[in-house]
1. Return the pairs, sorted by first residue and then second, in which the second residue is open to solvent by 60 Å² or more (accessible area, probe 1.4 Å) and among the polar types (S, T, N, Q), the first residue lies in the stretch 84-106 and is farther than 11 Å from Met12 by Cβ and without any contact (Cβ under 8 Å) to a residue 40 or more places away in the chain, the beta carbons are less than 9 Å apart, and the residues are 6+ apart or on different chains.
2. For the stretch 1-27, give me the residue count where each residue is out of contact with any Phe, Trp or Tyr (no Cβ under 8 Å at 6 or more places or on another chain) and open to solvent by 50 Å² or more (accessible area, probe 1.4 Å).
3. Is it fair to say Ala8 is outside any strand (DSSP E or B) and in contact with a Gly (Cβ under 9 Å, 6 or more places away or on another chain)?
4. Go through the stretch 16-26 residue by residue and tally those that are touching a strand residue (DSSP E or B) at 6+ places or on another chain (Cβ under 9 Å) and either assigned to a loop (DSSP other than H, G, I, E, B) or touching a residue at least 40 places away in the same chain (Cβ under 8 Å) (or both).
5. Which of the residues spanning the stretch 1-24 are closer than 11 Å to Thr42 by Cβ and either among the hydroxyl-bearing types (Ser, Thr, Tyr) or at pLDDT below 95 (or both)?
6. Would you confirm whether any residue within the stretch 45-55 is closer than 25 Å to Glu104 by Cα and open to solvent by 30 Å² or more (accessible area, probe 1.4 Å)?
7. Which condition number does Thr65 fail, the rest of (1) free of Cβ contacts under 8 Å to residues at least 40 places away in the same chain; (2) among the polar types (S, T, N, Q); (3) over 19 Å from Thr10 (Cβ atoms) being met?
8. Considering only the stretch 81-108, how many residues are open to solvent by less than 30 Å² (accessible area, probe 1.4 Å) and of a type in the set (A, V, I, L, M)?
Amino acid sequence: MGALLTSASTLMCPHGGTVAITPGQTQAQAGAPIVRGTDTFTIAGCALSSATPPSPCVTVQWVQTATHVKSGGDLALNEASVGLCLAATQAPQGTVIIAATQEEVSGQ
């Protein structure tokens with residue numbers, strides 16, 4: 001079981017962009033609101049500029065969530081979750097990096 005992700009978790013795109021998390025619910029908490037794959041994840045500061053035209057990562061789409069833990073009716077995210085960093089064109093540009101999260105509450 002991996003630690004659950006919260007709105008205070010540190011996530012990044014593979015090109016150094018910072019992921020801002022906007023939780024859709026705030027009741028279920030593990031120090032901060034537990035986040036779900038259906039919440040909003042926006043990316044700022046992506047350095048990807050090798051594409052023509054440059055297409056930095058702007059959002060995260062989660063393709064694997066926790067399998068048993070729900071928060072607010074939707075599946076929560078944990079350290080084993082997989083998110084794709086997407087350009088404005090919705091083209092995947094790599095997987096999100098989970099750099100830090102809380103360690104007190106975990107789930108599968």
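1. As it stands, the answer is Leu84/Gln61; Leu84/Thr95; Leu86/Gln61; Gln90/Gln61; Pro92/Gln61, since those pairs meet every condition given.
2. To start, the set of residues in the stretch 1-27 that are out of contact with any Phe, Trp or Tyr (no Cβ under 8 Å at 6 or more places or on another chain) comprises 1-10, 12-18, 23-27.
Within this subset, residues satisfying the condition of being open to solvent by 50 Å² or more (accessible area, probe 1.4 Å) are 1, 8, 10, 12, 14-15, 18, 24, 26-27.
So the count comes out to 10.
3. Values: outside any strand (DSSP E or B): yes; in contact with a Gly (Cβ under 9 Å, 6 or more places away or on another chain): yes.
Yes.
4. Initial filter on the stretch 16-26 (touching a strand residue (DSSP E or B) at 6+ places or on another chain (Cβ under 9 Å)): 17-26.
Subset that is either assigned to a loop (DSSP other than H, G, I, E, B) or touching a residue at least 40 places away in the same chain (Cβ under 8 Å) (or both): 17, 19, 23-26.
Adding up the residues that qualify gives 6.
5. At the first step, the residues of the stretch 1-24 found to be closer than 11 Å to Thr42 by Cβ are 11, 13, 17-22.
Answer for the stretch 1-24, where residues must be closer than 11 Å to Thr42 by Cβ and either among the hydroxyl-bearing types (Ser, Thr, Tyr) or at pLDDT below 95 (or both): Thr18, Thr22.
6. Of all residues in the stretch 45-55, those closer than 25 Å to Glu104 by Cα come to none.
Scanning the stretch 45-55, I find no residue that is closer than 25 Å to Glu104 by Cα and open to solvent by 30 Å² or more (accessible area, probe 1.4 Å), so the answer is no.
7. (3)
8. Summing the residues that are open to solvent by less than 30 Å² (accessible area, probe 1.4 Å) and of a type in the set (A, V, I, L, M) in the stretch 81-108 gives 3.
The values are calculated or read from the model by the stated rules, or taken from the named source; none is laboratory data. From a predicted model like this one, the values you see are computed outputs, not experimental measurements. Positions of Cβ are generated from backbone atoms using ideal geometry, with glycine treated the same way; all protein chains shown enter the neighbour counts. The accessibility values were calculated without ligands, DNA or RNA, using every heavy atom of the protein model including side chains. Shrake-Rupley method; radii C 1.70, N 1.55, O 1.52, S 1.80 Å.
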